[in-house]
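**Q** Can you keep this structure in mind? I'll have questions shortly.
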Amino acid sequence: MTTKINKITIVLILVIISLFNLGMKKNEIIKDPKIFKNIYIEDINVEDLTTRQAEDKINKYYHPKNINIRCNQKTWVINKDIIKLNYNVDKAVKLAKDYTRTEDNLLNLRRIFDLAIKKQHKIKLKASYDEAKLSEIIESIKEEIDKSEIDATVSISESSQIKTTESKDGLEVDVSKLKEKIYEMIKEKEIKDIYLPVKVIKPKINTSDVKSINAILGQYSTSFNDKSSRGNNIYIAGKSTSDIVIMPNETFSYNSATGPRTWSNGYKSAKVIVGGKYVNGEGGGVCQVSTTIYNAALISNMEIVEVHNHTYPSRYAPRGKDAAVSYGYIDFKFKNPYSHPVYIKNIIKNGAITTKIYGCDKDREKLYIRTDEKHEEEKIYVNTYRVYLDNNNQKEREELVAKSIYKIKNQ
């Protein structure tokens, strides 16, 4: 019976308290109401405080600060006022004050009851800032720090003189990581110095890479009439596919190196095979360059990725050793199988083109190229093999590199 009376008493008291608090709404214009008990902003108890008192108390512990970003001996300051950093204490205090003063009287009653029995209600400060201005400041820091990496270079003269330049690391501000750190500090309201996160960007070609190029792995030459349109095209294609470094496991594409064989790129009309017939077309003669490079690649033990023979046997290369190309249709490609880079050098002069493929002398293989032919009616079938030799120049193994089928002329 006593327990029942106590419960009724508590309810009546709560009703009276609730009505009292609700009644205070009429006086809010002239008097600042106090915050109810057990209400916290972050970890600070603001019970029984007016709006001004609560704001003053919170601001003692939580107030925006400048953000210092350090890198070596340099410090950048992100001014709190420039980025409009604000913890919005006033909004949090208003939430605390209004927690038991909503338009819903029943809700107010439940909340007062919970708070009266020592249930805490916590309100988080929600920081705000000018994201665009922050990004602008970070971008200015980035521009000051960022430095492009520099690849090592190698150049080889026609007389095989090798010159190299050293590589240099690049630097790049890790903007994502920097912003993440700043966002986290602002969210937690714990501003402290940040060490600028900077990524080191390694060059694609290192000094050690180019220093490893010290020997000719293979070379091949073909001749042509250098006073003709074909000669002009061979010269242009030869130059565009020369002085190229191919890194380990990287693939060389002839069509990518030359680009379109058009008038605008300096090519002239010369004989090409179209539909099995010789006709004038832009870029006639470029297949001689691809064929010359192909044979040097064979001897250098490059991995042949794509190669096509001509419709008819070529005048400038044995059957089974030609590489036909047509921009946008068929290509000649090979991959560098070594752990060191290789370098293509084309020398075009006196009616001849010579391709030399340079690399590391440790990668040089003892091998030769052989072909097997079979004639059947109007066609010639040719298999091209790479034969590897041991230290005693005895055959160790061989591999089939390509299969070619040619039409026999005038049949």
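The values are calculated or read from the model by the stated rules, or taken from the named source; none is laboratory data. Please read these numbers as outputs of a predicted model, since none were measured by experiment. Backbone-built Cβ (ideal geometry, glycine too); neighbour counts: all protein chains shown. All accessible areas refer to the heavy atoms of the entire protein, side chains included, with ligands and DNA or RNA removed. Shrake-Rupley method; radii C 1.70, N 1.55, O 1.52, S 1.80 Å.
Here is a yes/no grid of residues against (1) in contact with a Ser or Thr (Cβ under 6 Å, 6 or more places away or on another chain); (2) over 30 Å from N88 (Cα atoms):
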{"residue": "S148", "(1), (2)": "no, yes"}
{"residue": "S157", "(1), (2)": "no, yes"}
{"residue": "T165", "(1), (2)": "yes, yes"}
{"residue": "K179", "(1), (2)": "no, no"}
{"residue": "M185", "(1), (2)": "no, no"}
{"residue": "I194", "(1), (2)": "no, no"}
{"residue": "S208", "(1), (2)": "no, yes"}
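**Q** While we're on this one: Within the bounds of segment 388-398, is there any residue that is touching a residue at least 24 places away in the same chain (Cβ under 8 Å), more than 23 Å from G320 (Cα to Cα) and part of a strand (DSSP E or B)?
**A** no
**Q** If we keep just the residues of segment 378-396 that are in contact with a Lys or Arg (Cβ under 9 Å, 6 or more places away or on another chain) and among the basic types (K, R), which is nearest to Y294 (Cα to Cα)?
**A** R386
**Q** Sticking with this one: Test I58 against the criterion of being in contact (Cβ under 8 Å) with a residue 40 or more places away in the chain and part of a loop (DSSP other than H, G, I, E, B), and give yes or no.
**A** Taking the combined requirement at face value, the residue does not satisfy it.
**Q** Can you give me the number of residues within segment 61-73 that are open to solvent by less than 70 Å² (accessible area, probe 1.4 Å) and either assigned to a loop (DSSP other than H, G, I, E, B) or polar (S, T, N, Q) (or both)?
**A** Looking only at that region, the number is 4.
**Q** Tell me which of these Y343 doesn't satisfy, since it passes every other one: (1) closer than 21 Å to K403 by Cβ; (2) open to solvent by less than 20 Å² (accessible area, probe 1.4 Å); (3) not small (G, A, S).
**A** For Y343, the exception is condition (1).
**Q** A follow-up question, please. Considering (1) open to solvent by less than 70 Å² (accessible area, probe 1.4 Å); (2) touching a residue at least 40 places away in the same chain (Cβ under 8 Å), say which one Y385 fails and leave the rest.
**A** Failing condition for Y385: (2).
**Q** Please go through segment 222-279 and pick out each residue that is among the charged types (D, E, K, R), within 30 Å of I205 (Cβ to Cβ) and at pLDDT below 85.
**A** R261
**Q** Still on this structure, please answer the following. So which residues in segment 287-326 are open to solvent by 10 Å² or more (accessible area, probe 1.4 Å), within 20 Å of I246 (Cβ to Cβ) and either among the aliphatic types (A, V, I, L, M) or at pLDDT below 95 (or both), if there are any at all?
**A** Of everything in segment 287-326, those that are open to solvent by 10 Å² or more (accessible area, probe 1.4 Å), within 20 Å of I246 (Cβ to Cβ) and either among the aliphatic types (A, V, I, L, M) or at pLDDT below 95 (or both) turn out to be I299, I304, V305, V307, V325.
**Q** Only one of D331, D363 is modelled with pLDDT of 95 or more, open to solvent by 10 Å² or more (accessible area, probe 1.4 Å) and touching a helix residue (DSSP H, G or I) at 6+ places or on another chain (Cβ under 8 Å). Can you tell me which?
**A** D331
**Q** Here's something else I'd like to know. Could you count how many residues in segment 324-345 are part of a strand (DSSP E or B) and farther than 22 Å from W263 by Cα?
**A** Here the count works out to 7.
**Q** Looking at segment 74-93, which of its residues are under 35 Å from the mean Cα position of the chain (by Cα) and not in a strand (DSSP E or B)?
**A** N79, K80, I82, I83, K84, L85
**Q** Oh, and also: Assuming K97 fulfils every condition listed in (1) assigned to a helix (DSSP H, G or I); (2) within 25 Å of E184 (Cα to Cα); (3) of a type outside the set (G, A, S) apart from one, which condition is it?
**A** (2)
**Q** Quickly run through segment 366-378 and pick out the residues that are surrounded by 13 or more Cβ atoms within 10 Å (Cβ to Cβ) and part of a strand (DSSP E or B).
**A** L367, Y368, I369, T371, E373, listed by residue number.
**Q** Which of the numbered conditions does W76 fail, given that it passes all the others? Conditions: (1) without any contact (Cβ under 8 Å) to a residue 40 or more places away in the chain; (2) under 30 Å from E180 (Cβ atoms); (3) open to solvent by less than 80 Å² (accessible area, probe 1.4 Å).
**A** (1)
**Q** Return the residues of segment 349-360 that are farther than 18 Å from E303 by Cα, open to solvent by 20 Å² or more (accessible area, probe 1.4 Å) and at pLDDT 95 or above; say none if nothing qualifies.
**A** A352, T354
**Q** Can you name the residue in segment 208-234 that is β-branched (V, I, T) and touching a Gly at 6+ places or on another chain (Cβ under 9 Å) and, of all such residues, is nearest to I348 (Cα to Cα)?
**A** That would be I234.
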